[in-house]
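Trainee: Please see the structure below; I have some questions.
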Amino acid sequence: MVYEENNTEAVEMRHIISILLENEAGALSRVAGLFSARAYNIESLTVAPTDDPTLSRMTLVTTGTDDIVAQVCKQLNKLIDVVKLVNLTDNAHVERELILIKLVAEDERRDEVKRIMDIFHGHVIDMTDTTYTVEVTGDSEKIDAVLKALEHITMLEVVRSGQLGMARGGKGIV
Amino acid sequence: MELTGAEVIIECLKAEGIDYVFGYPGGAVLHIYDAFYKQDDVQHILVRHEQGATHAADGYARATGKPGVVLVTSGPGATNAVTGIATAYMDSIPMIVITGQVPKHLIGNDAFQEVDSVGITRPIVKHNFLINDVNDIAETFKKAFYVATTGRPGPVVIDIPKDITAEKVAFEYPSEIEMRSYHPASNTDHSQMKAAIELILKAERPMIYTGGGVIIGNGSEQLHTFVRSLGFPITQTLMGLGAFPASDSLSVGMLGMHGTYEANMSMHHCDVLIAIGARFDDRVTGALEKFCPTAKIIHMDVDPASISKNVTVDFAIVGEVTEVLDEMNALLGPATNQINKGAIEKWWAQINDWRAQDCLKYDRESEIIKPQFVIEELHKVTNGDAYITSDVGQHQMFTAQYYGFDKPRRWINSGGLGTMGFGLPAAMGVKLAFPDEEVACITGESSIQMCTQELSTCKQYGLPLKVINLNNGYMGMVRQWQEFFYEKRYAMSYFDALPDFVMLAESYGHVGIKVEKSCDVRPALEEAFKQKDRLVFLDFITDREENVYPMIPAGAGLNEMILV
Ligand SMILES: Cc1ncc(C[n+]2csc(CCOP(=O)(O)OP(=O)(O)O)c2C)c(N)n1
């Protein structure tokens with residue numbers, strides 16, 4: 001009976017988790033180490049100090065069943081360096097990712113790339129005689145769409161930042 | 001007055017009320033050892049191997065409830081301590097391990113005896129620190145002790161570069177500490193409690209299942225009240241033995257892989273399971289999909305991450321075991337007269353039928369020494385009141401099954417990690433904590449060889465332990481698995497050469513006695529315990545191919561036991 005229940009619930013979903021942690025040497029490796037030691041997935045992970053330099057803010061994207069993600073959150077909360085954790089997936093939130101692409105842009109391609117950038121509200125931020133470097137921000141769907149739109153153009157390098165996330169509404173996590 | 005970093009460390013230990021530090025010197029900790037030399041408040045126990053230091057501190061902590069403290073040097077000192085740290089971690093034992101580190105300017109240079117101790121120990125500690133500044137020593141120690149001893153306890157490593165221990169600083173120990181990132185769970189949820197109580201009162205086939213958390217959290221007294229006011233059957237895990245008396249008729253013994261028939265059958269058939277300070281370990285649950293198929297589950301634990309980790313539970317109450325049980329007892333109060341008495345009586349009749357199976361029977365008349373017999377005799381000779389440590393293997397299971405622990409903190413074994421070599425050094429820590437109590441280490445001829453060197457430490461500090469070697473000539477537990485699951489192919493579970501344990505004990509300055517017949521077991525034990533100030537090593541030559549029964553094969557359900 002219990003077995004069946006678990007089975008029907010066992011759909012893997014993507015979760016975006018926001019973590020406030022002590023900005024201390026080793027804090028990042030504790031989080032990363034937890035994921036490898038317990039065989040949890042990390043799809044992306046971004047981390048940087050906040051306006052309070054003693055704290056870092058991390059956004060982590062993982063996939064798993066509800067049970068597993070609940071465990072992930074509990075285990076993360078158990079890390080002494082973690083000050084606060086919110087699973088953004090539970091509520092309305094915004095997500096952004098930045099992508100940088102260096103691509104071959106010659107002749108008519110130069111205009112074409114600029115047109116595509118206009119459509120996606122991206123920018124050309126560096127150029128040579130034969131290449132452009134462009135930036136686009138958006139949620140992951142938009143980033144995927146940009147990549148699709150540029151598919152037929154030779155890309156020399158692609159860098160994605162991973163997701164950043166924040167809950168909607170007037171409250172912050174502090 | 002300014003102190004050196006090394007002196008500050010000693011002052012921190014004094015402020016925490018530490019009486020013993022278990023350690024081994026080396027280059028990176030020489031300033032600290034120099035500071036030890038100049039004082040008498042904290043006694044340093046010099047072991048023979050850093051693993052011994054960690055297990056001794058661990059044994060001390062398990063017996064007293066106070067944190068054990070270890071001091072080792074950098075590099076190999078730290079790596080030798082790793083097994084002991086992991087052992088403490090798996091069983092949630094409060095411990096502080098101070099590891100020396102190379103001087104700050106050499107860190108990262110592959111310096112002599114440099115290892116990344118913080119990196120190596122990260123997955124096996126509750127937390128660890130690398131101290132970068134002499135000004136941070138006192139606060140770090142305060143934090144370390146606070147983290148190690150509160151919530152779900154665990155080992156904390158403090159890595160200290162050598163140069164810092166020589167620098168000077170004014171010492172002040174913080175009286176309190178606030179960590180914004182660490183708040184051990186302590187608020188108990190009344191709505192969950194009330195719902196749990198409703199379920200408990202309606203239960204027809206209830207079962208109480210308790211673990212090491214009750215012992216670590218000092219919740220025995222509250223547990224007694226809880227169990228006795230309900231009159232429900234209770235089973236305890238390997239780590240929980242003693243929290244509730246084994247001799248009480250409400251106790252159905254240990255559960256799990258080598259649990260009793262009655263405990264495992266009751267688990268399998270219960271309708272309400274009340275888990276307290278237990279973590280649904282795989283050695284307890286057997287196959288998860290067959291675990292307690294008809295039960296609603298209530299789980300009380302101090303660690304939120306233990307809730308619904310392996311088994312999804314219906315009601316969760318997170319908090320200190322003493323607080324949770326006090327509140328549960330208060331809420332239950334007179335309501336216990338609403339218990340479904342008729343159903344419970346029927347349930348007990350069923351359980352007593354299972355008990356009648358007498359699953360722990362063995363040949364008590366055997367002339368060849370049965371390991372079970374030694375444990376039962378030991379119980380009699382020590383009035384069931386000794387502190388017993390063990391190593392890992394069949395002898396550990398026999399002790400758990402046959403000693404019958406009536407008090408908490410008397411049974412000291414490595415349950416989570418299953419570390420051979422734990423028993424002897426752990427017993428040293430216990431004996432130092434309780435010099436007037438009887439302390440015995442039950443071991444096997446394989447396990448004892450993993451930390452035999454500590455017999456020398458026992459001599460130096462005059463620790464009159466009783467070492468009970470159940471010598472079956474095999475790595476018995478490995479041999480048992482090979483007998484059951486590998487058609488008796490005894491691959492590498494047998495030593496072609498063994499030491500003469502009597503001579504071994506004597507060479508370390510102790511008393512050695514070899515016992516080969518059942519009729520000599522009792523007199524030998526009595527003789528050993530008569531020698532109050534000597535360590536006596538009893539080498540019992542036991543039945544070579546005795547097995548631990550009952551046994552649940554890995555992957556089976558709790559109702560699928562192999563009986564004798
Ligand atoms: C450090 C370590 N290595 C290996 C094992 C695997 N192991 C578990 S029990 C056992 C045999 C123990 O033999 P012995 O100490 O003679 O005890 P017995 O089972 O015969 O009572 C072994 C090798 C372990 N638990 N710990």
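Trainee: What's the total number of residues in region B:260-315 that are in a strand (DSSP E or B) and either at the interface with chain A (Cβ under 9 Å from one of its Cβ atoms) or not aromatic (Phe, Trp, Tyr) (or both)?
Mentor: 11
Trainee: Six or more apart or on different chains, Cβ atoms under 7 Å: show the pairs whose first residue is in region B:442-458 and among the acidic types (Asp, Glu) and whose second is more than 6 Å from the ligand (Cβ to nearest atom) and not in a strand (DSSP E or B).
Mentor: Close Cβ pairs satisfying both conditions: B:Glu445/B:Gly473; B:Glu445/B:Leu498; B:Glu454/B:Val47; B:Glu454/B:Arg48; B:Glu454/B:Gly52; B:Glu454/B:Leu424; B:Glu454/B:Pro425; B:Glu454/B:Met428.
Trainee: Among A:Ile80, A:Ile42, A:Ile19, which is the only one that is over 30 Å from B:Pro293 (Cα atoms), among the β-branched types (Val, Ile, Thr) and touching a His at 6+ places or on another chain (Cβ under 8 Å)?
Mentor: Result of the check over A:Ile80, A:Ile42, A:Ile19: A:Ile80.
Trainee: May I pose another question? What's the number of the only condition in (1) within 14 Å of another protein chain (Cβ to nearest Cβ); (2) among the acidic types (Asp, Glu); (3) touching a residue at least 60 places away in the same chain (Cβ under 8 Å) that B:Glu167 fails to meet?
Mentor: For B:Glu167, the exception is condition (1).
Trainee: Another question, then. Just for region B:232-288: of the residues that are of a type in the set (Ser, Thr, Tyr) and in contact (Cβ under 8 Å) with a residue 60 or more places away in the chain, which one is surrounded by the most Cβ atoms within 10 Å (Cβ to Cβ)? Walk me through how you get there before you give the answer.
Mentor: Just the residues of region B:232-288 that are of a type in the set (Ser, Thr, Tyr), to begin with: B:235, B:237, B:247, B:249, B:251, B:260-261, B:266, B:285.
Filter once more, keeping what is in contact (Cβ under 8 Å) with a residue 60 or more places away in the chain: B:237, B:247, B:260-261, B:266, B:285.
On the way: B:Thr237: 28, B:Ser247: 10, B:Thr260: 24, B:Tyr261: 21, B:Ser266: 31, B:Thr285: 22.
Ranking the candidates gives B:Ser266 first.
Trainee: Taking B:Ile85, is it in a strand (DSSP E or B) and away from chain A (no Cβ under 14 Å)?
Mentor: On the way: in a strand (DSSP E or B): no; away from chain A (no Cβ under 14 Å): yes.
When the stated conditions are applied, B:Ile85 does not pass them.
Trainee: Also, quick follow-up: Step by step: first the residues of region B:301-318, then only those that are of a type outside the set (Val, Ile, Thr) and farther than 22 Å from B:Tyr89 by Cβ, then the one that is surrounded by the most Cβ atoms within 10 Å (Cβ to Cβ). Which residue is that?
Mentor: Ranking the qualifying residues of region B:301-318, first place goes to B:Phe315.
Trainee: Given (1) touching a Leu at 6+ places or on another chain (Cβ under 9 Å); (2) surrounded by 15 or more Cβ atoms within 10 Å (Cβ to Cβ), where does A:Ile125 come up short, assuming only one miss?
Mentor: Among (1) touching a Leu at 6+ places or on another chain (Cβ under 9 Å); (2) surrounded by 15 or more Cβ atoms within 10 Å (Cβ to Cβ), the lone unmet condition for A:Ile125 is (2).
Trainee: Looking only at strands (runs of 3 or more DSSP E) that lie completely in region A:34-95, which have at least 1 residues being modelled with pLDDT under 95, in contact with a helix residue (DSSP H, G or I) (Cβ under 6 Å, 6 or more places away or on another chain) and within 11 Å of another protein chain (Cβ to nearest Cβ)?
Mentor: Strands (runs of 3 or more DSSP E) meeting the threshold: none at all.
Trainee: Could you check, for region B:451-466, whether at least one of its residues is closer than 20 Å to B:Asn547 by Cα and among the basic types (Lys, Arg)?
Mentor: No.
Trainee: Do you know which residues across region B:390-405 are buried (at least 24 other Cβ atoms within 10 Å of the Cβ) and more than 13 Å from the ligand (Cβ to nearest atom)?
Mentor: Passing the criteria: B:Tyr403, B:Phe405.
The values are calculated or read from the model by the stated rules, or taken from the named source; none is laboratory data. Nothing here was measured: the structure is a model prediction, and the numbers come from that model. No Cβ is skipped: glycine too gets one built from the backbone with ideal geometry, and neighbour counts run over all protein chains shown.
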